[in-house]
Amino acid sequence: MYTVMLVDDEQPALQRLRLLLEKHTDLQVSGLYTKPSEALAAASKEHFDAAFLDIEMPGMNGLQLASELTQTYPAMEVIMVTAYNEYALQAFRANAIDYLLKPVDTDDLIRAVQKLKKRLSPLQTAPPKTDTTVAHITGLGGFEVYPAGQEKPLRFQTAKAEELFAYMLAHADNHVSKWVLCEQLWPDNEPVKAEQNLHTCVHRLKKTLTESAFPAQWHSQRGSYRMTLGEQVKCDWLTFEQAADNAVELLGLTDHQPNIQIERLEQAVSVYKGGLFGGKDYRWCEPLRERLQRKFADTAKALSQFYKQLDKASSAIELLHRLGNDFPYDEDVQEQILEHYLRKKDRSAFLLQYGKIEAALRDGLNLQPSERIARMHKQMTAMK
């Protein structure tokens, strides 16, 4: 059981938070203090895993107290509790892992405690295990299909059967004309031959799915096919799209706490592992692939801006480099990377990145870097 201290100059607020923690969590509240000096004295005598700190307090405020506690006791985690939303960025700069607004909402408190326990758990660095009790499909950065209870991916009888499954997956729950399938999968065949190939391919695919007990239902009606998936099937790109949409939806809302927005953005970015059906030459999926790529770019750019506001330069530049590798012609991303190195006066890193940009634009598009990039290059090379 983890032990925590609560610090607030208002006794009623202390008692309310204590009651919420005792009712809705398994944390042990080991100390309640109305003065930061009392909290510091208690921390020197007994162990606390975390501290819930009010910000607006006379004398030493909660931000100063957080800095003092985390410097003296690096293992201690801090969650800020305040009635003022404008302190969010300052709270994260003080190494707080979360930020709660008064009056504290129960759901927000439970979410913050769950994050706290993950941080404190000695198993937090272990990679998450795949839930083998449900069927799942990985389509980002590759393409593998796992029936429930199986750790090895499903093996399709032919490459075309695999591609047919991918196509129907991308158009799940929709009727697809057999002639559309023939055109997309066998564009060089005569119609009669393409139709024969389709019937053979459908038979093989249905046999594979049935033998593996994969929860996909096939329907044929008036020259068209439709595939539906059971609710127990998890698909990574659908998870990514939902997470990205949820994150972007919050960005335009000013009444949401920055930590929740960052959490949603990080969740979406972590799911995206690469282009749709990576390594497969499925030309028909280019529109969907590009849509997902752009959605990832928008989500990652928004997250990098939050990292910059929080002075997390290393996290921002790591994310921007990932974007730069995926989108070498996105000059907005490349400019942000160069700006970072220019501010740091890191000449070697700047010139290395500039060389990559120049080569990519020249070889891929027969273009020169933008005027802004050229100005930054001139500025860097003029430095001594």
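The values are calculated or read from the model by the stated rules, or taken from the named source; none is laboratory data. Model, not experiment: these values are computed from the prediction. Every residue, glycine as well, gets a Cβ built from its backbone with ideal geometry; the counts of neighbours run over all protein chains shown. Ligands, DNA and RNA are excluded from the accessible area calculation, which covers all protein heavy atoms including side chains. Shrake-Rupley method; radii C 1.70, N 1.55, O 1.52, S 1.80 Å.
Among the residues of the stretch 304-327, those identified as more than 27 Å from A359 (Cβ to Cβ) and part of a loop (DSSP other than H, G, I, E, B) are L310, D311, K312. Annotation note: Cβ proximity below 7 Å between a residue of the stretch 321-340 that is open to solvent by less than 20 Å² (accessible area, probe 1.4 Å) and a residue that is of a type in the set (S, T, Y) (sequence gap 6+ or interchain) occurs for L338/Y354. Among the residues of the stretch 200-214, the ones that are surrounded by fewer than 18 Cβ atoms within 10 Å (Cβ to Cβ) and in a helix (DSSP H, G or I) come to 7 in all. When the stretch 132-147 is limited to residues that are over 18 Å from K206 (Cβ atoms) and in a loop (DSSP other than H, G, I, E, B), the one that is most open to solvent (accessible area, probe 1.4 Å) turns out to be T133. Residues that are buried (at least 20 other Cβ atoms within 10 Å of the Cβ) and among the aliphatic types (A, V, I, L, M) within the stretch 263-291 comprise L265, A268, V269, L276, listed in sequence order.
Looking at L69, L65, L40, L14, can you tell me which residue is touching a Pro at 6+ places or on another chain (Cβ under 6 Å), assigned to a helix (DSSP H, G or I) and surrounded by 13 or more Cβ atoms within 10 Å (Cβ to Cβ)? One residue alone meets the criteria, L65.
Quick check: anything in the stretch 215-236 among the β-branched types (V, I, T) and in a helix (DSSP H, G or I)? The answer is no, given that none of the residues of the stretch 215-236 is among the β-branched types (V, I, T) and in a helix (DSSP H, G or I).
Checked against (1) surrounded by 12 or more Cβ atoms within 10 Å (Cβ to Cβ); (2) part of a loop (DSSP other than H, G, I, E, B), E162 meets all criteria but (2). Evaluation of L53 against the conditions (1) open to solvent by less than 50 Å² (accessible area, probe 1.4 Å); (2) over 17 Å from R119 (Cβ atoms); (3) touching a residue at least 40 places away in the same chain (Cβ under 8 Å); (4) not basic (K, R) shows that the sole unmet condition is (2). Entry remark, the stretch 181-198: residues being under 16 Å from Y167 (Cβ atoms) and open to solvent by 80 Å² or more (accessible area, probe 1.4 Å) number 1 in total. Determine whether L292 is under 17 Å from T138 (Cα atoms), part of a helix (DSSP H, G or I), touching a residue at least 60 places away in the same chain (Cβ under 8 Å) and touching an Asp or Glu at 6+ places or on another chain (Cβ under 9 Å). When the stated conditions are applied, L292 passes them.
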